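J.: This is the structure, below, for whatever I ask next.
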């Protein structure tokens, strides 16, 4: 058939392997069920468009075998593809037009559902029983978690077998197939839409926006030019909880359109994984370094913890922090060793499985080469359906982001510095990490005891609740080195930290006025 011929002639070995696996799944389905017992769920999107043409090739192959191996001279299939279409009132006109035009072109046996999908499917299956429904589900889809190529329908739904022939296809694979086979697709994809839902929750992907200096209406590049397929849903809306209210906000480049003011505070949690850190055999240098870097861009580090190399411990720590932090950073426990279980812990926290990622495996293969003799597939298993690879040309292997968790592979401070700089640069493209107004800090050294300054500090803290005011005992060695004539005096440092420099200075002035001149010296 022309589809298989186009795939073979494309010279794309990866695409050919994906194609053959999908055709095998389709043929297997038609071995287990008769043509009349199988239906295809079509929604006009790119994934179901790919599946349609895979089905055409698979059906033709099975029908050819039924005819003793002689190929059809007629372009139409002997068994029309039974097709289920949910006519959603919120669908784009372009999707509806493309669907009905496609059904006419390829002689699809359309069965239209106009109720909600579940109720409509129940009614449809009562009249025309179906045992298997072929779906264009891919691993990155929100509803793909836990599914296999053959998965029974969920509890509470009519009983049927969900068949997912393109489950392990990537965004790149989908567009490689469409372009290689030159099959028609919905025109919305040429206007910057990369993942299409309803008119109420879909906008063009901001990553494809073309800078237009003339001020005219925004223009977008076609969907197949999206560099990172993991960001295909960046044009979809998502429900967010904001100050106790549920709101719908558009996602643009992975960020909410609801941008807090510059002086607002974002909270970060840092999780270090390693038994050796808990034992004290190794000092945690990355945690303090990362805290300073986050502080420098206006983030507040509200929690820092060291966790053992244990999946359950990591899962519990991540699950707790993702609920209260804008971003969670985790490092340690990433690699080929049996104790490197951080990714498994992250997957468990989000209640998803680890699944092979071919794109990440290819990066690992290029980076490690023949030096690594272990099972590279194990290292390339990432949390399914929630993982986004963060690409940067300075990084040999992309960083891993799972919703609001960033997994750092750094093991040294210089490596952390490189990955941090890449994160900051990536924010310009997809806003991975917001940069807020920096903190203003004042450090005041005094020879007055903590007891003497306790009451004035308490008053100032009450007057300036927006500031972080505290104190700590300075190392005697450091203090004596800088002030050798004060060896017998207490050594205390008062810290005043906040976003507003005027407020910080006002608090410092209040403290100065409560004591005689020269009591404090600014560090």
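The values are calculated or read from the model by the stated rules, or taken from the named source; none is laboratory data. These numbers come from a predicted model, not from an experiment. Cβ coordinates were reconstructed from backbone atoms using ideal geometry, including for glycine residues, and neighbour counts include every protein chain displayed.
J.: Only residues that are within 26 Å of residue 387 (Cβ to Cβ) and surrounded by 13 or more Cβ atoms within 10 Å (Cβ to Cβ): list them for the range 124-143, please.
T.: Residues satisfying the conditions are 134, 135, 136, 137, 138, 139, 140, 141.
J.: Identify all residues within the range 492-523 that are without any contact (Cβ under 8 Å) to a residue 40 or more places away in the chain and closer than 16 Å to residue 452 by Cα; write none if there are none.
T.: First pass over the range 492-523, keeping only residues without any contact (Cβ under 8 Å) to a residue 40 or more places away in the chain: 502-503, 509, 512-513, 516-518.
Passing the criteria: 512, 513, 516, 517, 518.
J.: If residue 333 satisfies every condition in (1) farther than 17 Å from residue 409 by Cα; (2) touching a strand residue (DSSP E or B) at 6+ places or on another chain (Cβ under 6 Å); (3) at pLDDT below 90 but one, which is the exception?
T.: For residue 333, the failing item is (1).
J.: Of the residues that make up the range 306-315, is at least one modelled with pLDDT of 85 or more, part of a loop (DSSP other than H, G, I, E, B) and closer than 26 Å to residue 206 by Cα?
T.: Looking only at the range 306-315, we keep the residues that are modelled with pLDDT of 85 or more, and these are 306-315.
Now drop any that are not part of a loop (DSSP other than H, G, I, E, B), which leaves 308-310.
Narrowing the set further to residues that are closer than 26 Å to residue 206 by Cα leaves none.
No.
J.: With (1) exposed (fewer than 15 other Cβ atoms within 10 Å of the Cβ); (2) assigned to a helix (DSSP H, G or I) as the list, and residue 230 as the residue in question, which single condition is left unmet?
T.: Only one criterion in (1) exposed (fewer than 15 other Cβ atoms within 10 Å of the Cβ); (2) assigned to a helix (DSSP H, G or I) is unmet by residue 230, namely (1).
J.: Working only within the range 264-287, note down all residues that are without any contact (Cβ under 8 Å) to a residue 60 or more places away in the chain, touching a strand residue (DSSP E or B) at 6+ places or on another chain (Cβ under 9 Å) and assigned to a loop (DSSP other than H, G, I, E, B).
T.: 274, 284
J.: Additional query: Taking the range 116-143 only, how many residues are without any contact (Cβ under 8 Å) to a residue 60 or more places away in the chain and in a helix (DSSP H, G or I)?
T.: Residues of the range 116-143 that are without any contact (Cβ under 8 Å) to a residue 60 or more places away in the chain, as a first pass: 116-128, 143.
The next check asks that each one be in a helix (DSSP H, G or I); those that pass are 117-127, 143.
Selection size over the range 116-143: 12.
J.: Taking the range 218-227, which residues are part of a loop (DSSP other than H, G, I, E, B) and surrounded by fewer than 19 Cβ atoms within 10 Å (Cβ to Cβ)?
T.: Initial filter on the range 218-227 (part of a loop (DSSP other than H, G, I, E, B)): 218, 221-222, 226-227.
218, 221, 222, 227, listed by residue number.
J.: Then there is this: Could you go through the range 291-304 and let me know if any residue there is modelled with pLDDT of 90 or more, outside any loop (DSSP other than H, G, I, E, B) and closer than 25 Å to residue 354 by Cβ.
T.: no
J.: If I filter the range 443-466 down to residues being touching a strand residue (DSSP E or B) at 6+ places or on another chain (Cβ under 7 Å), farther than 13 Å from residue 493 by Cα and touching a residue at least 24 places away in the same chain (Cβ under 8 Å), which single residue comes out as surrounded by the most Cβ atoms within 10 Å (Cβ to Cβ)?
T.: 460
J.: Quick one: in the range 144-194, of everything that is in a strand (DSSP E or B) and more than 26 Å from the chain's Cα centre (by Cα), which residue is surrounded by the most Cβ atoms within 10 Å (Cβ to Cβ)? Steps first, please.
T.: Our first condition is that a residue be in a strand (DSSP E or B); within the range 144-194, this holds for 150-152, 161-163.
Now drop any that are not more than 26 Å from the chain's Cα centre (by Cα), which leaves 152, 161.
Values: 152: 11, 161: 18.
Per the stated criteria, the residue is 161.
Quick grid of which residues meet (1) at pLDDT below 90; (2) farther than 13 Å from residue 447 by Cα; (3) assigned to a strand (DSSP E or B):
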{"site": "489", "(1), (2), (3)": "yes, no, no"}
{"site": "494", "(1), (2), (3)": "no, no, yes"}
{"site": "505", "(1), (2), (3)": "no, yes, no"}
{"site": "518", "(1), (2), (3)": "yes, no, no"}
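J.: Within the range 1-115, considering only helices (runs of 4 or more DSSP H) that don't extend past its boundaries, which have at least 2 residues that are within 30 Å of residue 199 (Cα to Cα) and without any contact (Cβ under 8 Å) to a residue 24 or more places away in the chain? Don't jump to the end; show me each part of the working.
T.: Details: elements: 2-9, 13-32, 46-66, 93-105.
Where helices (runs of 4 or more DSSP H) fall fully within the range 1-115 and carry at least 2 residues being within 30 Å of residue 199 (Cα to Cα) and without any contact (Cβ under 8 Å) to a residue 24 or more places away in the chain, they are 93-105.
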